[in-house]
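These notes concern the structure reproduced below.
The values are calculated or read from the model by the stated rules, or taken from the named source; none is laboratory data. Quick caveat, the model's predicted, so the values are computed rather than measured. Using ideal geometry, Cβ is built from the backbone for each residue, glycine included, and neighbour counts are taken over all protein chains shown.
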Amino acid sequence: MSRIAIYDPPGCCSTGVCDPGLSDQMTQFATAIDTLMKSGHDVARFNMGTQPGAFVENSTVKSALDSDGLDCLPLVLLDDKIVSKGAYLNRSELGQKVGIEITATPGSSDCTPTTDNKIDETSCCG
């Protein structure tokens, strides 16, 4: 099975609650990633603000940063090859880029309130 790696720009959280302008895009992307992980795919996610070493240790990521700066983030790599850069993709777009159909998973964590208005406390939003 292929390895998917996501390199996020610096920020407090990959779900978008900290930036309302990107919240919907980031939430959709996070939900798609969660679905991939729950279905057994090898997915790793790195945030520049909390894991800067991951960005310099990967030569593909370092090269993209050297040539494009932070505008290349987020980067999505499939087996260490860039398949997307500079945008958070929705479930369909991400699935097309990595060659996997990503179906919706009921109850996926997306930092939206539950029916009792509580946020999933296992996420960075809690």
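Quick notes on this structure:
- Counting the residues of segment 56-74 that are crowded, with 18+ Cβ neighbours inside 10 Å and in contact with a helix residue (DSSP H, G or I) (Cβ under 6 Å, 6 or more places away or on another chain) gives 3.
- Test: residue in segment 114-126 that is in contact with a helix residue (DSSP H, G or I) (Cβ under 6 Å, 6 or more places away or on another chain) and either among the acidic types (D, E) or modelled with pLDDT of 90 or more (or both): no
- Within segment 66-77, one or more residues are in a strand (DSSP E or B), over 9 Å from the mean Cα position of the chain (by Cα) and of a type outside the set (K, R).
- Taking first residues from segment 39-57 that are in a strand (DSSP E or B) and partners that are among the hydroxyl-bearing types (S, T, Y) and surrounded by fewer than 16 Cβ atoms within 10 Å (Cβ to Cβ), the Cβ contacts under 9 Å between residues at least 6 apart in sequence or on separate chains come to D42/S2.
- Number of positions in segment 38-52 that are surrounded by 15 or more Cβ atoms within 10 Å (Cβ to Cβ), of a type in the set (A, V, I, L, M, F, W, C) and either more than 17 Å from P9 (Cβ to Cβ) or touching a strand residue (DSSP E or B) at 6+ places or on another chain (Cβ under 6 Å) (or both): 2
- Test set (1) surrounded by 13 or more Cβ atoms within 10 Å (Cβ to Cβ); (2) small (G, A, S); (3) assigned to a helix (DSSP H, G or I); (4) at pLDDT 90 or above - S84 fails condition number: (3)
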